[in-house]
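Enquirer: My questions all concern the structure below.
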Amino acid sequence: MKYDFYIVELCFSATLSNIFVIGVENEDEDIFLVGEESHIMAFCSLENIVNFINNRNTETFPFNKNKLVDYKQLFSNERAYYSFTEIEEVLLRNVKIDNIGKDDAGILIVGYNLISDYFYQTKNEECLLLRKNINMDMFFDYCYYKYFWKQGEEWLELEKKLSSFDYSEFVRIFKELISVFEKSIKIVRV
C-alpha cells in the first residue's frame, strides 16, 4: 500500500506557538502518527520531526522507521494548516445556522473532517456518537447543500427540519470534539 506523508500544522488558542504532526494519506483513509494510548505525536518544530525520525528505533503506529526514514518526501509535500482558534471564532461570531457564510462553512467543515479522521482512526466511540447528533448532521448537511452540492429533494426536506436546529447545542458538541482532539495530542520531546 502506498502512503503519502505530510505535515500538519495546528494552531490552538491555548498554546503559545503552533505545533506540527505527521499525517499519512492512502487510498482508504487519512491517519496520524500516534504513540502510546493512541495519542497524536506532536512536535514543537520541523527540526524536532527530523530528530525524532533519525533517532527513532521502535515501531510507531502506523509508520515504521523504514517508512519514515526517507523524510524528504514528508517535507516536499505541501504542509496543511488548521487553526482551531479560527474555528472557535467562527462558532462564536455566528448565532444561527443561516448566518454561516460559505467561507465560514468551509472552515468548520475542514476542521471537523480533520478531527473526525482521528476519531475514526482510534475508534473513539464517544466522539463518533457525538458526531451523529442530529444538530451536527443537520448543520453539515445544510452547509454542503447550501454551498457545495446541487440542491434538490434532500435540500427541501432539510429546510423543513431546520426549525428544530439548536445552534448552541451544535457549538457545544463541536467544542467538546475539539477539546477531546486537543487533549489527545502529546508533544514529543527530542
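Enquirer: Which of the residues that make up the range 24-46 are of a type in the set (Gly, Ala, Ser) and surrounded by fewer than 21 Cβ atoms within 10 Å (Cβ to Cβ)?
Expert: The initial filter retains those residues of the range 24-46 that are of a type in the set (Gly, Ala, Ser), namely 35, 38, 42, 45.
Answer for the range 24-46, where residues must be of a type in the set (Gly, Ala, Ser) and surrounded by fewer than 21 Cβ atoms within 10 Å (Cβ to Cβ): Gly35, Ser38, Ser45.
Enquirer: Criterion first (modelled with pLDDT of 90 or more, touching a Phe, Trp or Tyr at 6+ places or on another chain (Cβ under 7 Å) and surrounded by 14 or more Cβ atoms within 10 Å (Cβ to Cβ)) does Ile87 satisfy it? Steps first, please.
Expert: Numbers: modelled with pLDDT of 90 or more: yes; touching a Phe, Trp or Tyr at 6+ places or on another chain (Cβ under 7 Å): no; surrounded by 14 or more Cβ atoms within 10 Å (Cβ to Cβ): yes.
Answer is no for this residue.
Enquirer: If Val95 satisfies all but one of (1) at pLDDT 90 or above; (2) β-branched (Val, Ile, Thr); (3) surrounded by fewer than 17 Cβ atoms within 10 Å (Cβ to Cβ), what's the number of the condition it fails?
Expert: Just one mismatch for Val95, condition (1).
Enquirer: Taking Asp70 and the conditions (1) at pLDDT 90 or above; (2) surrounded by fewer than 16 Cβ atoms within 10 Å (Cβ to Cβ), which numbered condition does it fall short on, given that it satisfies the others?
Expert: Only one criterion is unmet by Asp70, namely (1).
Enquirer: Name the residue, out of Lys161, Lys150, that is in contact (Cβ under 8 Å) with a residue 12 or more places away in the chain, more than 20 Å from Tyr118 (Cβ to Cβ) and either loosely packed, with under 15 Cβ neighbours inside 10 Å or among the small types (Gly, Ala, Ser) (or both). Show your work before the answer.
Expert: Working: Lys150 fails: in contact (Cβ under 8 Å) with a residue 12 or more places away in the chain.
Checking each option against the conditions leaves just Lys161.
Enquirer: List every residue pair whose Cβ atoms sit under 9 Å apart, with the two residues 6 or more apart in sequence or on different chains, where the first one lies in the range 109-124 and is in the same structural domain as Met136 (by TED's automatic domain parsing) and the second, anywhere, is part of a helix (DSSP H, G or I) and among the polar types (S, T, N, Q).
Expert: Between residues of the range 109-124 that are in the same structural domain as Met136 (by TED's automatic domain parsing) and residues that are part of a helix (DSSP H, G or I) and among the polar types (S, T, N, Q), the close pairs are Tyr118/Ser38; Gln121/Ser38; Thr122/Ser38; Lys123/Ser38; Asn124/Ser38.
Enquirer: Separate question: Only one of Ser164, Ser184, Ser83, Ser179 is of a type in the set (S, T, N, Q) and more than 19 Å from Ser13 (Cβ to Cβ); which?
Expert: Ser164
Enquirer: Mind checking which helices (runs of 4 or more DSSP H) fall wholly inside the range 82-179 and carry at least 1 residues that are touching a Ser or Thr at 6+ places or on another chain (Cβ under 7 Å)?
Expert: 84-93, 102-122, 125-131
The values are calculated or read from the model by the stated rules, or taken from the named source; none is laboratory data. Everything numeric in this text was worked out from a predicted model, so none of it was measured. Because the Cβ atoms are built from the backbone with ideal geometry, glycine has one as well, and the counts that use them run over all protein chains shown.
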